[in-house]
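The values are calculated or read from the model by the stated rules, or taken from the named source; none is laboratory data. Since the structure is predicted, the reported quantities are computational estimates derived from the model, not experimental observations. Note: ideal-geometry Cβ built from the backbone for every residue, glycine included; neighbour counts use all protein chains shown.
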């Protein structure tokens, strides 16, 4: 016990002062008031609910009696028709002419007399398996479609007992109807009688009640109600309750209607010689029951509320006097936590709160100095990385394979030996132009047109070397002529296509360079129809392109281009290789808009 009390005392000491005051208010004032209010409200609601249930049960008994009287009328008519000898002869006679049928119908008007005499009846129909009859909307020859209806089959299975169904009449409107099979023993025949109840009479009984009332058949279908929104629905669509409730007999059950907790009162309508039964269902919402109780409890609620508000104001005032310094310290800590290290932390006093504020101020100053040191270190590190990248760019840009120049000069020498000076002069001009462009290259950018001039000079020299074995096509999007790119970024790809794609082919080949400016940026493609490469070789090339360390046997041209693109524009701008053995190679890259500057 001592340990528990000590633990609770420690927990209370750890709470903030304002929280302690709030907890004391809850324990001393709020909880007792709440307990008394809840108890009184519960007792009042329970008493009123019981009275309302008793009154509702009495009302349902009265409605049940009136409904029983109404439903006994079609039962009485059904019994009367069953023993009507004239009706028996009319429906069982085999007529030879329509005239005979019309004459027989004219002499029999009991159905219309019943309808006129009893306000409870809407109409009467009789279905008979006699093909010589005609349909006068009262006596109807049996059709295959009627035989397949559920109510007709149910009437045959009921063995002479009546059943209540909510079915269509001849106008396709749904009515509550008594369905019963009528036997004619002397003729060994039978037919099905349907007596439809007037819905206005049902509504007249229900409309006099204020609470929601429904008449439900044994399929839980609402056949009549004083709430239009409930009509033609099933009971489980209106009342959310345990599924077993819908199968129960008379009683009171719990449920929800429209999200409100309610009492569901069910009363069976019991009639003799009826196979199934109707139910009267009433809904009693708790809110409607306690509406009157709320008026009486409002005054008490106002008094309780006023007491609580006054107590809260007093508690708040005194707690503010005691905890104001803690609030200032808490605000300062929050501001420091947000990164505002210039927040002044000034709290008077030499107690624990004052000492804590001084220590916090010292910690803030030390943290601010440490952050400044980290920022200086990061700035120096970033500057060093930028310098290294700049040097790397310059080194990459300066790596031109001299093997090409040796081959070109050797070709010029051989041509000079075999041919005249005119053609040699042209190729020397191209070579000079190419070398001049290469020498002028720095660490800046050039426009696309200048880079394509270098590519054209290179291909002209290679065409001079290879003759008709090499052809090429250059396409430059006119909109992209001034698009800024790194120098010597397309020529290495063309060189790779000529050397590795076409030189090993006896028939030579074709090189195509395409540039296109799209909405997102510039697309550059170098395509050859040379020998191509397999997937294994392609994987090896990708591995070399992505190596971070320089190696002597690396493919400097492609690797130079690939890494310059990735370092400048991101991984998505690196070289992409598509190739199949014997079907050539396509190398392409992409420079996004914003990664360039128009010159």
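Can you say whether residue 183 is surrounded by fewer than 15 Cβ atoms within 10 Å (Cβ to Cβ), assigned to a strand (DSSP E or B) and at pLDDT 85 or above, as far as the supplied structure shows? Yes, satisfied.
All conditions in (1) closer than 20 Å to residue 457 by Cβ; (2) under 52 Å from the mean Cα position of the chain (by Cα); (3) assigned to a strand (DSSP E or B) hold for residue 510, with the sole exception of (2).
Residues checked against (1) modelled with pLDDT of 85 or more; (2) surrounded by 14 or more Cβ atoms within 10 Å (Cβ to Cβ); (3) in contact with a strand residue (DSSP E or B) (Cβ under 7 Å, 6 or more places away or on another chain):
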position: 520; (1), (2), (3): yes, no, yes
position: 524; (1), (2), (3): yes, yes, yes
position: 543; (1), (2), (3): yes, no, no
position: 563; (1), (2), (3): no, yes, no
position: 584; (1), (2), (3): yes, yes, yes
position: 590; (1), (2), (3): yes, yes, yes
